[in-house]
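To start, the structure itself, in C-alpha coordinates.
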Amino acid sequence: MAKAATCTKEDLLAELRDAGITDERVLQAIASVAREQFVPLDLRPRAWENCALPIGDDQSISQPSVVSNMVEAAGLAPSHRVLEIGTGSGYGAAILSQLAREVVTVEIRPILALEAAERLRNLRFDNVTVLQADGSLGWPARGPYDAILVTAAAPTIAARLLAQLSPDGGRLVAPIGSMRRQQLVLVERHGGTLRSRDLGGVRFVPLRGIAGFDPIEAERRN
Ligand code: SAH
(Lines give C-alpha, C1' and ligand atoms only; values in the text may rest on other atoms or scores of the structure.)
Protein backbone atom coordinates (compact mmCIF):
# COMPACT_ATOMS: atom_id res chain seq x y z
CA MET A 1 0.00 0.00 0.00
CA ALA A 2 3.00 2.35 -0.06
CA LYS A 3 1.94 3.52 -3.51
CA ALA A 4 -1.57 4.23 -2.23
CA ALA A 5 -0.46 6.69 0.41
CA THR A 6 1.59 8.68 -2.06
CA CYS A 7 -0.90 8.92 -4.94
CA THR A 8 -2.07 12.54 -5.20
CA LYS A 9 -4.45 14.46 -7.40
CA GLU A 10 -1.45 15.77 -9.34
CA ASP A 11 -0.20 12.21 -9.92
CA LEU A 12 -3.59 11.25 -11.30
CA LEU A 13 -3.79 14.27 -13.60
CA ALA A 14 -0.29 13.52 -14.92
CA GLU A 15 -1.31 9.91 -15.52
CA LEU A 16 -4.45 10.98 -17.39
CA ARG A 17 -2.41 13.31 -19.61
CA ASP A 18 0.03 10.46 -20.29
CA ALA A 19 -2.92 8.25 -21.17
CA GLY A 20 -3.91 10.75 -23.89
CA ILE A 21 -6.62 12.85 -22.22
CA THR A 22 -6.17 16.31 -23.74
CA ASP A 23 -9.48 18.07 -23.04
CA GLU A 24 -8.63 20.60 -20.34
CA ARG A 25 -12.26 20.88 -19.26
CA VAL A 26 -12.33 17.16 -18.53
CA LEU A 27 -9.06 17.35 -16.59
CA GLN A 28 -10.40 20.35 -14.69
CA ALA A 29 -13.58 18.42 -13.80
CA ILE A 30 -11.50 15.48 -12.53
CA ALA A 31 -9.41 17.91 -10.46
CA SER A 32 -12.44 19.65 -8.98
CA VAL A 33 -14.45 16.62 -7.86
CA ALA A 34 -13.09 15.13 -4.61
CA ARG A 35 -13.11 11.42 -5.47
CA GLU A 36 -12.54 10.50 -1.79
CA GLN A 37 -16.13 11.60 -1.12
CA PHE A 38 -17.38 8.82 -3.41
CA VAL A 39 -15.47 5.83 -2.03
CA PRO A 40 -15.89 3.97 1.28
CA LEU A 41 -14.01 5.49 4.23
CA ASP A 42 -11.34 2.79 4.38
CA LEU A 43 -10.47 3.35 0.71
CA ARG A 44 -10.14 7.13 0.93
CA PRO A 45 -6.31 7.01 0.98
CA ARG A 46 -6.51 5.33 -2.43
CA ALA A 47 -9.05 7.71 -3.94
CA TRP A 48 -6.61 9.38 -6.36
CA GLU A 49 -5.25 6.13 -7.73
CA ASN A 50 -6.12 5.48 -11.34
CA CYS A 51 -8.09 2.35 -10.59
CA ALA A 52 -11.62 1.10 -10.03
CA LEU A 53 -12.50 0.64 -6.34
CA PRO A 54 -15.33 -1.32 -4.65
CA ILE A 55 -18.28 0.80 -3.48
CA GLY A 56 -20.40 -1.93 -1.86
CA ASP A 57 -23.33 -3.96 -3.18
CA ASP A 58 -20.78 -5.78 -5.43
CA GLN A 59 -20.31 -2.69 -7.61
CA SER A 60 -17.36 -0.41 -8.27
CA ILE A 61 -16.50 3.22 -8.97
CA SER A 62 -14.96 3.35 -12.45
CA GLN A 63 -11.28 3.97 -13.12
CA PRO A 64 -10.62 7.72 -13.61
CA SER A 65 -8.92 7.17 -16.99
CA VAL A 66 -12.00 5.29 -18.23
CA VAL A 67 -14.34 7.99 -16.90
CA SER A 68 -12.18 10.63 -18.60
CA ASN A 69 -12.14 8.73 -21.90
CA MET A 70 -15.90 8.37 -21.89
CA VAL A 71 -16.55 11.98 -20.92
CA GLU A 72 -14.05 13.29 -23.47
CA ALA A 73 -15.66 11.15 -26.19
CA ALA A 74 -19.09 12.50 -25.26
CA GLY A 75 -17.93 15.96 -26.40
CA LEU A 76 -19.97 17.88 -23.83
CA ALA A 77 -20.85 21.56 -23.97
CA PRO A 78 -22.24 23.70 -21.10
CA SER A 79 -25.72 23.71 -22.67
CA HIS A 80 -25.96 19.92 -22.85
CA ARG A 81 -28.36 17.53 -21.17
CA VAL A 82 -26.81 14.15 -20.35
CA LEU A 83 -28.16 10.75 -19.37
CA GLU A 84 -25.94 8.39 -17.38
CA ILE A 85 -27.05 4.78 -17.01
CA GLY A 86 -25.46 3.29 -13.87
CA THR A 87 -25.07 5.92 -11.13
CA GLY A 88 -23.04 3.69 -8.80
CA SER A 89 -21.27 6.02 -6.35
CA GLY A 90 -22.40 9.15 -8.22
CA TYR A 91 -18.82 10.05 -9.15
CA GLY A 92 -19.37 9.92 -12.92
CA ALA A 93 -22.51 12.04 -12.55
CA ALA A 94 -20.54 14.58 -10.50
CA ILE A 95 -17.90 14.83 -13.26
CA LEU A 96 -20.62 15.20 -15.90
CA SER A 97 -22.34 17.88 -13.84
CA GLN A 98 -19.25 20.08 -14.20
CA LEU A 99 -19.40 19.93 -17.99
CA ALA A 100 -23.11 19.94 -18.84
CA ARG A 101 -26.22 21.88 -17.89
CA GLU A 102 -28.23 18.93 -16.62
CA VAL A 103 -27.46 15.34 -15.71
CA VAL A 104 -30.06 12.60 -15.33
CA THR A 105 -28.57 9.43 -13.87
CA VAL A 106 -30.37 6.12 -13.39
CA GLU A 107 -29.38 3.40 -10.90
CA ILE A 108 -31.14 0.05 -10.64
CA ARG A 109 -29.89 -0.84 -7.11
CA PRO A 110 -31.98 0.91 -4.48
CA ILE A 111 -29.24 1.27 -1.86
CA LEU A 112 -26.73 2.72 -4.29
CA ALA A 113 -29.33 5.09 -5.77
CA LEU A 114 -30.27 6.32 -2.31
CA GLU A 115 -26.68 6.79 -1.18
CA ALA A 116 -25.61 8.51 -4.40
CA ALA A 117 -28.60 10.87 -4.33
CA GLU A 118 -27.81 11.86 -0.75
CA ARG A 119 -24.10 12.26 -1.45
CA LEU A 120 -24.67 14.41 -4.54
CA ARG A 121 -27.19 16.53 -2.67
CA ASN A 122 -24.85 17.06 0.29
CA LEU A 123 -22.00 17.99 -2.03
CA ARG A 124 -24.29 20.45 -3.85
CA PHE A 125 -24.20 18.92 -7.31
CA ASP A 126 -27.54 20.58 -7.87
CA ASN A 127 -27.87 19.90 -11.61
CA VAL A 128 -27.94 16.11 -11.13
CA THR A 129 -31.15 14.08 -10.79
CA VAL A 130 -30.78 10.50 -9.52
CA LEU A 131 -33.54 8.06 -10.46
CA GLN A 132 -33.87 4.57 -9.04
CA ALA A 133 -35.05 2.38 -11.91
CA ASP A 134 -33.99 0.01 -14.66
CA GLY A 135 -32.25 2.39 -17.06
CA SER A 136 -31.20 -0.25 -19.59
CA LEU A 137 -33.61 1.27 -22.12
CA GLY A 138 -32.79 4.82 -21.09
CA TRP A 139 -35.19 7.37 -19.68
CA PRO A 140 -37.24 8.72 -22.61
CA ALA A 141 -39.34 11.06 -20.45
CA ARG A 142 -36.36 13.42 -19.98
CA GLY A 143 -34.89 13.05 -23.50
CA PRO A 144 -33.66 13.76 -26.06
CA TYR A 145 -30.13 13.87 -24.68
CA ASP A 146 -27.02 15.45 -26.14
CA ALA A 147 -25.10 12.54 -24.66
CA ILE A 148 -25.87 9.15 -23.14
CA LEU A 149 -23.19 7.36 -21.13
CA VAL A 150 -23.71 3.73 -20.21
CA THR A 151 -21.44 2.77 -17.32
CA ALA A 152 -22.24 -0.95 -17.16
CA ALA A 153 -21.44 -3.60 -19.78
CA ALA A 154 -24.25 -4.12 -22.29
CA PRO A 155 -24.70 -6.98 -24.76
CA THR A 156 -25.83 -4.63 -27.57
CA ILE A 157 -26.77 -1.02 -28.20
CA ALA A 158 -30.54 -0.89 -27.82
CA ALA A 159 -32.34 0.94 -30.66
CA ARG A 160 -34.55 2.56 -28.03
CA LEU A 161 -31.49 4.19 -26.48
CA LEU A 162 -30.34 5.58 -29.80
CA ALA A 163 -33.83 7.01 -30.32
CA GLN A 164 -33.27 9.15 -27.19
CA LEU A 165 -30.15 10.77 -28.65
CA SER A 166 -30.45 14.27 -30.04
CA PRO A 167 -30.56 13.97 -33.85
CA ASP A 168 -28.32 17.01 -33.92
CA GLY A 169 -25.00 15.33 -33.12
CA GLY A 170 -26.07 13.39 -30.02
CA ARG A 171 -23.43 10.96 -28.78
CA LEU A 172 -23.71 7.65 -26.97
CA VAL A 173 -20.72 6.06 -25.24
CA ALA A 174 -21.14 2.49 -23.99
CA PRO A 175 -19.14 -0.65 -23.21
CA ILE A 176 -20.53 -3.32 -25.55
CA GLY A 177 -19.62 -6.99 -25.51
CA SER A 178 -19.74 -9.98 -23.18
CA MET A 179 -20.02 -9.97 -19.40
CA ARG A 180 -16.25 -10.43 -19.15
CA ARG A 181 -14.88 -7.94 -21.68
CA GLN A 182 -16.20 -5.16 -23.84
CA GLN A 183 -15.26 -2.57 -26.43
CA LEU A 184 -16.02 1.03 -25.59
CA VAL A 185 -18.18 2.25 -28.47
CA LEU A 186 -18.98 5.82 -29.46
CA VAL A 187 -22.08 6.35 -31.63
CA GLU A 188 -22.87 9.77 -33.06
CA ARG A 189 -26.30 10.58 -34.47
CA HIS A 190 -26.95 13.07 -37.26
CA GLY A 191 -30.62 12.94 -38.23
CA GLY A 192 -31.25 9.35 -39.25
CA THR A 193 -27.55 8.61 -39.74
CA LEU A 194 -25.46 6.84 -37.09
CA ARG A 195 -21.66 6.79 -37.11
CA SER A 196 -19.83 4.55 -34.70
CA ARG A 197 -16.23 4.27 -33.53
CA ASP A 198 -14.39 1.77 -31.36
CA LEU A 199 -12.54 3.41 -28.46
CA GLY A 200 -10.76 0.30 -27.17
CA GLY A 201 -11.13 -2.58 -24.74
CA VAL A 202 -12.66 -2.12 -21.27
CA ARG A 203 -14.12 -4.14 -18.38
CA PHE A 204 -17.31 -3.03 -16.66
CA VAL A 205 -19.75 -4.75 -14.32
CA PRO A 206 -22.76 -6.14 -16.23
CA LEU A 207 -25.82 -4.09 -17.08
CA ARG A 208 -28.92 -5.69 -15.59
CA GLY A 209 -32.54 -5.06 -16.46
CA ILE A 210 -34.60 -5.63 -19.56
CA ALA A 211 -31.87 -4.82 -22.11
CA GLY A 212 -29.01 -6.09 -19.95
CA PHE A 213 -27.57 -9.49 -19.18
CA ASP A 214 -29.61 -12.16 -17.45
CA PRO A 215 -29.68 -11.04 -13.78
CA ILE A 216 -28.95 -14.43 -12.22
CA GLU A 217 -26.06 -15.02 -14.58
CA ALA A 218 -24.88 -11.44 -14.06
CA GLU A 219 -24.90 -11.84 -10.26
CA ARG A 220 -23.06 -15.15 -10.50
CA ARG A 221 -20.30 -13.80 -12.74
CA ASN A 222 -20.05 -10.39 -11.10
N1 SAH B 1 -20.76 5.47 -12.88
C2 SAH B 1 -20.51 4.80 -11.62
C3 SAH B 1 -19.95 3.42 -11.78
C4 SAH B 1 -20.86 2.49 -12.43
S5 SAH B 1 -20.78 0.79 -11.92
C6 SAH B 1 -19.62 5.63 -10.71
O7 SAH B 1 -19.13 6.68 -11.14
O8 SAH B 1 -19.44 5.24 -9.56
C9 SAH B 1 -22.24 0.29 -12.80
C10 SAH B 1 -23.53 0.64 -12.13
O11 SAH B 1 -24.58 0.33 -13.03
C12 SAH B 1 -23.80 -0.17 -10.86
O13 SAH B 1 -24.06 0.68 -9.79
C14 SAH B 1 -25.03 -1.00 -11.23
O15 SAH B 1 -25.91 -1.26 -10.15
C16 SAH B 1 -25.69 -0.12 -12.28
N17 SAH B 1 -26.64 -0.79 -13.18
C18 SAH B 1 -26.57 -2.03 -13.69
N19 SAH B 1 -27.63 -2.26 -14.48
C20 SAH B 1 -28.39 -1.15 -14.48
C21 SAH B 1 -29.62 -0.79 -15.11
N22 SAH B 1 -30.29 -1.63 -15.91
N23 SAH B 1 -30.12 0.45 -14.89
C24 SAH B 1 -29.46 1.33 -14.07
N25 SAH B 1 -28.29 1.02 -13.45
C26 SAH B 1 -27.76 -0.18 -13.65
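The values are calculated or read from the model by the stated rules, or taken from the named source; none is laboratory data. Since this is a predicted model, take the numbers as computed values, not measurements. Cβ atoms come from the backbone with ideal geometry, glycine included; neighbour counts cover every protein chain shown. Accessible surface areas use protein heavy atoms only, side chains included; no ligands, DNA or RNA. Shrake-Rupley method; radii C 1.70, N 1.55, O 1.52, S 1.80 Å.
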**Q.** Within region 53-221: Cβ-based charge dipole about Cα centre, in debye rounded to nearest 20 (Lys, Arg +1; Asp, Glu -1)
**A.** 240
Q | Gaussian network model of the chain, Cα within-10 Å springs - most flexible of N69, N50, N122 | A | N122
Q: Summarise the accessible area of the chain (1.4 Å probe, protein heavy atoms) by the percent that is carbon and sulfur.
A: 51
**Q.** Cα centre as origin, Lys/Arg/Asp/Glu Cβ charges: region 33-122 dipole, Debye
**A.** 220
Q. Can you give the Kirkwood hydrodynamic radius of region 1-88 from its Cα pairs, in Å with one decimal?
A. 13.8
Q. In whole angstrom, how far apart do the alpha carbon centroids of region 61-109 and region 121-174 sit?
A. 9
**Q.** Convex hull volume of the chain per residue (C-alpha atoms, cubic angstrom)
**A.** 113
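What whole-number value in Å² describes the accessible area per residue of the chain for a 1.4 Å probe?
47
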Q: Evaluate 2.2 N^0.38 Å with N set to the residue count of region 67-181, then give the Cα radius of gyration divided by it.
A: 0.97
Q | Net charge over other residues, Cβ less than 13 angstrom from the Cβ of L16 (K, R count +1; D, E count -1) | A | -4
(Q) How much length would be gained if the chain were fully extended between E24 and L162, taking 0.36 nm per residue of separation minus their Cα-Cα distance, in nm to one decimal? (A) 46.9 nm
